Amino acid sequence: MVKDFSSFPNRRTIPFAPKPMSDTLLLLKNDRWKRVRSIVSPSFSGMVPLINTASDALMNNLNVHAESGEAFDIHRCLGCFTMDVIASVAFATQVDSQNKPDDPFVHHAKMFFSLSFLRPIILFFSQSLLLLVFEKFMRRDFLQLILDARTSDEMVSLEHFDTANHADELDHRNQRTQASASDQDSGHPHPQESPVRRPQKKKMTEDEVVGQAFVFLLAGYETSSNTLAFTCYLLALHPECQRRVQEEVDDFFTRHVSSAGIGSAPHDPSED
């Protein structure tokens, strides 16, 4: 099933799903799903510098709390960290919610997630009638903020995110080089007649871009922040696991200059 995952792109249909929900990977189908996924998936490796920036801010704040010796809310710290990461990687907006909780982006996001009577994840998978009822509210407030973020003065440079098109360009150059060498060897140097065609760049519409950014926040904020907070809680309860994880992390970064080989890490505290 894992090897054939790309052969099963379609999920259940939600009738009359409003934008940007209808343009997310969760609802796109067939070739459109494959096109968007081929653009989005390679971009994750380019997000590491942005995640590291938010991680540095988190560590600075945790050091301040540690030096004070006073109790603090780790869930709030990790929630702000998660918000900073999502804002930078999904919305190209530099948000320091850890030190600026009144930032407009943070304010609107908190309003969106404060719908205690209808959590966003429930809203996403609910019936079309509920989606239509709240479409106007979401579009006017939070989603418009998402669209406006593109013209903000605090936008993050994401040129290195275009990894899919960059890979196509490299493949095209390699094919041209090979074709040119073949023509010269055969005595018929006609590069202009080479059968190698320049690949067409894969693009996403504005609605598709907003849709993927929206699902990043919808599916990533509470799940990530809660998982991080609960993991910290369990490590605090089990100092022996905490020590083993710390030793493994230290050993990993003495052997690797980056996090590229993180999958080879052997210890999983959840197995204890």
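The values are calculated or read from the model by the stated rules, or taken from the named source; none is laboratory data. Being a predicted model, the structure only gives us computed values, none of them experimental. No Cβ is skipped: glycine too gets one built from the backbone with ideal geometry, and neighbour counts run over all protein chains shown.
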Odd one out for Leu28 among (1) surrounded by fewer than 19 Cβ atoms within 10 Å (Cβ to Cβ); (2) not in a helix (DSSP H, G or I): (1)
Pair list, Cβ under 7 Å, 6 or more apart: the stretch 26-44 residue of a type in the set (D, E, K, R), other residue outside any helix (DSSP H, G or I): Lys29/Pro9; Lys29/Asn10; Lys34/Pro9; Arg35/Lys202; Arg37/Leu25
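Under the condition of being of a type in the set (Phe, Trp, Tyr) and touching a residue at least 24 places away in the same chain (Cβ under 8 Å), which residue from the stretch 64-91 is nearest to Thr223 (Cα to Cα)?
Checked the stretch 64-91; the qualifying residue nearest to Thr223 (Cα to Cα) is Phe81.
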Test for Val215: is it under 17 Å from the mean Cα position of the chain (by Cα), modelled with pLDDT under 85, of a type in the set (Val, Ile, Thr) and farther than 22 Å from Asn52 by Cβ: yes
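Residues are listed down the side, and each one gets a yes or a no for (1) at pLDDT 60 or above; (2) under 26 Å from Ser41 (Cα atoms); (3) among the hydroxyl-bearing types (Ser, Thr, Tyr):
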| position | (1), (2), (3) |
| --- | --- |
| Asp84 | yes, yes, no |
| Ser116 | no, no, yes |
| Pro120 | no, yes, no |
| Ser126 | no, no, yes |
